[in-house]
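Q: The structure follows.
The values are calculated or read from the model by the stated rules, or taken from the named source; none is laboratory data. Predicted, not measured: the structure shown is a model, and the values here were computed from it. For neighbour counting, all protein chains shown are included, and Cβ atoms are generated from backbone atoms with ideal geometry for every residue, glycine included.
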Amino acid sequence: MAFSLSNISEQLQGFLGAFKKQDGESVLGIDIGTSSIKLVQLAEKRGSAVLETYGEIALGPYNDGEVGQAVHPPIEKTVEALTDLLREANITARAGGSSIPLSASLITLITLPTKSQADLAAMVPIEARKYIPVPVGEVSLDWFVIPEEEANFLAASGRTRAPNSTDVLLAAIHNSALSRFDSILKGASLTNRFFEIEAFSMARSAYEHSTKPTMVIDFGASGTRVYIIEFGIIDISHSINKGGQDITASLARTASLTFAEAEKMKRDKGALDTDAGSSTISYIFSEAKRIYLTYQRKEGKAVSQVVLVGGGALLPGVLETAKKEFDAPVVMGNPFERVQTPAFIQDVLSSLGPTFSTAVGLALRALKQ
């Protein structure tokens, strides 16, 4: 498997594959998470991305667990779940892009004291060892030089930059993760055209790109990811070790409920009315706010907007709580705004949007491959 980072003018980020889309061909965005699999099928018609079908299936029941639980099923069970979803969602496309979780990857922006491409090629793998906590041979490593226009903008906005230096986006993915996801897709008879770290797919679809810093909070089942994106560049990525599963587990313990009963209560009523749920959400937002304030203090500039994505963003009360925590506008991400959809399901898609940010972002990129 070979990978390279895409051009910043095409939203900068992601690992490219070797296949190309045929004209009019439908493509998939495949987001295999810890609690569910999400699929989006798009086609290009008259120059626009058109939604053909979409679907989600919980992984818990395929691993002796419950809906909403973060699980790690064997490859064959994940293949079974993916195959069931392909059938239930009436998926006809057989090729597209797949996401890699942030937990199996690394993204960082580094500055090297040279402009020579030959020197960069030699220096980047050496510099990477400072950031990658495992042997370099265990990851697929790639890097992309930030063009001068973007680099000069970052320097003008407060980033210290030496005259004869180069800003480089460094990305790495664990080979074991690539192998696992590749086996899953092949097991479901799908052709994977590229792998992409989930942050890049989400960023492509979840908000309007701007030269001003934007914070994105991605509420997952097993954890929450926080990103600050500026000029299309992921400047900060941070994981918080609590997510939707922790809220459900806390509710189940304190109210003497089963996990399934607590999950239903959480989705129906939210979690802010209980001490257990409220404490977990408060912890997530306190960590996100710490990142938010540290960034503003260090960089000397304000975050212009906070965007909420992921299934946890849909819980009752989460949006309202976020608006109280941050002194920037807070909005819910809606990736389906990037594609043409039937009018009669637009309200449904709007309510589901934050959950499908990564899958839509993958499919949008697959249309351009």
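Q: Before we move on, is Arg129 more than 23 Å from the chain's Cα centre (by Cα), under 29 Å from Val216 (Cα atoms) and surrounded by fewer than 15 Cβ atoms within 10 Å (Cβ to Cβ)?
A: The answer is yes for Arg129.
Q: Could we say that Ile228 is touching a Phe, Trp or Tyr at 6+ places or on another chain (Cβ under 7 Å), outside any helix (DSSP H, G or I), not acidic (Asp, Glu) and not assigned by TED's automatic domain parsing to the domain that holds Gly60 here?
A: For Ile228, the condition - touching a Phe, Trp or Tyr at 6+ places or on another chain (Cβ under 7 Å), outside any helix (DSSP H, G or I), not acidic (Asp, Glu) and not assigned by TED's automatic domain parsing to the domain that holds Gly60 - is met.
Q: Being assigned to a helix (DSSP H, G or I) and over 16 Å from Lys242 (Cβ atoms) is the filter here, so list the residues in the range 264-290 that pass it.
A: Selection gives Lys264, Met265, Arg267, Asp268, Lys269.
Q: I'd like to check something: does the range 304-315 contain any residue that is out of contact with any helix residue (DSSP H, G or I) (no Cβ under 9 Å at 6 or more places or on another chain) and either assigned by TED's automatic domain parsing to the domain that holds Gly33 or not β-branched (Val, Ile, Thr) (or both)?
A: yes
Q: Further question: Condition first: over 18 Å from Glu66 (Cα atoms) and hydrophobic (A, V, I, L, M, F, W, C). Now tell me which residues in the range 250-270 satisfy that.
A: Once the filter is applied, which keeps residues that are over 18 Å from Glu66 (Cα atoms) and hydrophobic (A, V, I, L, M, F, W, C), the range 250-270 yields nothing.
Q: All but one of (1) at pLDDT below 90; (2) buried (at least 20 other Cβ atoms within 10 Å of the Cβ) hold for Glu148; state the number of the condition that does not hold.
A: (2)
Q: What pairs can you find where one residue is in the range 241-258 and over 21 Å from Ala58 (Cβ atoms), the other is of a type in the set (A, V, I, L, M, F, W, C), and their Cβ atoms are less than 6 Å apart, with a gap of 6+ or different chains?
A: Here the result reads Thr254/Ala276, each pair linking the range 241-258 to a residue that is of a type in the set (A, V, I, L, M, F, W, C).
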